[in-house]
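First the structure, in the form of structure tokens, and then the observations on it.
Just so it is clear, none of the values below were taken in a lab; they were calculated from the coordinates. Keep in mind that what you see is a predicted model, and the values were worked out from it rather than measured. Note that each Cβ is placed from the backbone with ideal geometry, even for glycine, and that neighbours are counted across all protein chains shown.
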């Protein structure tokens, strides 16, 4: 999977940079740089700013490659390497999608950026939710709260729930975007899918603490 991650990263970067260079000469001097809550452009930036997203992709790819090396003992990704690399591929895919939307908007295409982003995030949540139950304790990926990091049992219980809420939230966010509901609807569903497990980790930790069962997971 690590090899696939490297190939996927290289392919996405080549396609993203290539598409950006292809249309760069036809872009106006000022391009959309920010959208308000209603989905309307409310700020513009220089044309060269269109290269920001590919640079972010490159930086993230390098960071994702090196983070496992920086992990402290007992919090490495050794037990779920395939899931780790899959997660990186999914995140980079989202960034490539965002760049495609930015290129479309900069070229004059009509776009509701808020709804498009909510849909992209929904797909990401679906993908990550499907593998969340395989993620072991680490500092980089998953529901990393003080309570999940403190106890392995809390970590696993939280991530079993997260697998369900992330898939449900992601699926509903995509449906909301396709149904052309307000962009905030999809965003709220994505956030709920991520925040519900975080809150649950505290509740579950306290329950295990009162029962004297911490450290037995």
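Going by alpha carbons, how many degrees (0 to 90, nearest 10) lie between the helix axis of 2-24 and the longest principal axis of the chain?
The angle comes out near 20 degrees.
Angle check, please: helix 52-70 long axis (alpha carbons) against the longest principal axis of the chain (alpha carbons), in degrees 0 to 90, nearest 10.
Once rounded, one gets 20 degrees.
Beyond 16 Å, what share of the Cα-Cα pairs of region 1-69 remains, rounded to the nearest whole percent?
Roughly 59 percent, once rounded to a whole number.
Hey, any idea what the orientation-averaged projected area of the convex hull of the chain's Cα atoms comes to, in nm²?
12.7 nm²
How many nm separate the modelled label positions at residue 11 and residue 43, each set 7 Å beyond the Cα in the direction of the Cβ?
Those two pseudo-labels are separated by 3.5 nm.
Fewest to most neighbouring Cβ within 10 Å: what's the order for 158, 52?
Listing 158, 52 from fewest to most nearby Cβ atoms yields 52, 158.
Expressed as a whole number of Å, what is the distance separating the alpha-carbon centroids of region 129-156 and region 1-75?
Comparing the Cα centres of region 1-75 and region 129-156, I get a distance of 27 Å.
Taking 0.36 nm per residue of separation and subtracting the Cα-Cα distance, what length does fully extending residue 213 through residue 180 add?
7.2 nm
As a footprinting exposure proxy, order 203, 77 by other Cβ within 10 Å, with the fewest listed first.
203, 77
To the nearest 10 degrees, how steeply does helix 152-178 sit against the main Cα axis of the chain, on a 0 to 90 scale?
Value to nearest ten degrees: 30.
Test of understanding: ordering 9, 145 by Cβ neighbours within 10 Å, fewest first, what list do you get?
145, 9
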